[in-house]
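Read the structure below first, then the notes.
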Amino acid sequence: TLDLGGIAKGYIIDQGVAILEEKGIKTAFLNAGGDIKILGSKPDGTSWRVGIQSPQKNSGLLAVLNLKGGAVATSGNYERFFEEKGVSYHHILDPKTGYPARGLAGVTITAPDCMTADALSTAVFVLGLEKGLDFIESFPQSEAVLVTEEGSIYYSSGLEGLLELQD
């Protein structure tokens, strides 16, 4: 069985923005449950501010991205999970083990389109911190914010100046 649920929402958002562009729209912000596609800057020319939720319970915003175009998608272990005998099981599975991927709590990706951001956020989450950062650096138009299960924050080199960490 092939399940495209992991990238379908991103594809739909990309198609929505394509329709807006066909109609001559120059600036837009589409958000479908946290998968976001941005068309241009805000009408006043400034960057859109995209909040990244903290994976830690009730912690509010972790950071803010300042973007003029592109897409954002997040994969995390904190929205869809259950606990059994003190162990948390979330929905992002490591294909090598068949069990939930461990090490990261959240991965947010910026990319030119939402379908790519969707796919990369899941891939980087499964790869883990070091391999995930190395992997994302090989995509020159994509960037990442990674949060470990312990709450440490790491981000790729291209986000310097675009990312505001929150207190």
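The values are calculated or read from the model by the stated rules, or taken from the named source; none is laboratory data. All values derive from a computational prediction rather than experimental measurement. Backbone-built Cβ (ideal geometry, glycine too); neighbour counts: all protein chains shown. Ligands, DNA and RNA are stripped out before the accessible areas are found, and what is left, the full protein with its side chains, is counted by its heavy atoms. Shrake-Rupley method; radii C 1.70, N 1.55, O 1.52, S 1.80 Å.
Give me the pairs, please: first residue somewhere in the range 148-164 and of a type in the set (Val, Ile, Thr), second residue anywhere and buried (at least 17 other Cβ atoms within 10 Å of the Cβ) and assigned to a loop (DSSP other than H, G, I, E, B), beta-carbon distance under 7 Å, and either six or more positions apart or on two chains.
Note: pairs meeting the criteria are Thr148/Gly103.
Got a sec? Which of Leu163, Leu93, Leu127, Leu104 is in contact with a Ser or Thr (Cβ under 9 Å, 6 or more places away or on another chain) and either more than 24 Å from Ala32 (Cβ to Cβ) or modelled with pLDDT under 95 (or both)?
Answer to the check: Leu104.
Would you be able to tell me the number of residues in the range 145-165 that are in a strand (DSSP E or B) and closer than 13 Å to Thr110 by Cα?
4
Would you check which residues across the range 37-63 are under 12 Å from the mean Cα position of the chain (by Cα) and more than 25 Å from Gly103 (Cα to Cα) and list them?
Lys37
Regarding Asp94, is this residue of a type outside the set (A, V, I, L, M, F, W, C), surrounded by fewer than 17 Cβ atoms within 10 Å (Cβ to Cβ) and closer than 22 Å to Ala8 by Cβ?
The answer is yes for Asp94.
Among the residues of the range 8-32, write down those that are out of contact with any helix residue (DSSP H, G or I) (no Cβ under 7 Å at 6 or more places or on another chain) and closer than 18 Å to Thr116 by Cα.
Of everything in the range 8-32, those that are out of contact with any helix residue (DSSP H, G or I) (no Cβ under 7 Å at 6 or more places or on another chain) and closer than 18 Å to Thr116 by Cα turn out to be Ala8, Ile12, Gln15, Gly16, Val17, Ala18, Phe29, Asn31.
Listed here are the residues, each with its yes/no results for (1) closer than 25 Å to Ile13 by Cα; (2) at pLDDT below 90; (3) surrounded by 12 or more Cβ atoms within 10 Å (Cβ to Cβ).
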position	(1), (2), (3)
Lys68	yes, no, yes
Ser75	yes, yes, yes
Ala123	yes, no, yes
Gln141	yes, no, no
Gly158	yes, no, yes
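Among the numbered criteria (1) in contact (Cβ under 8 Å) with a residue 40 or more places away in the chain; (2) not in a helix (DSSP H, G or I), which single criterion is violated by Phe139?
Answer for Phe139: the failing condition is (1).
Which residues, taken from the range 43-65, are open to solvent by 20 Å² or more (accessible area, probe 1.4 Å), at pLDDT below 95 and touching a Phe, Trp or Tyr at 6+ places or on another chain (Cβ under 9 Å)?
Across the range 43-65, the qualifying residues are Gln53, Gln56, Lys57.
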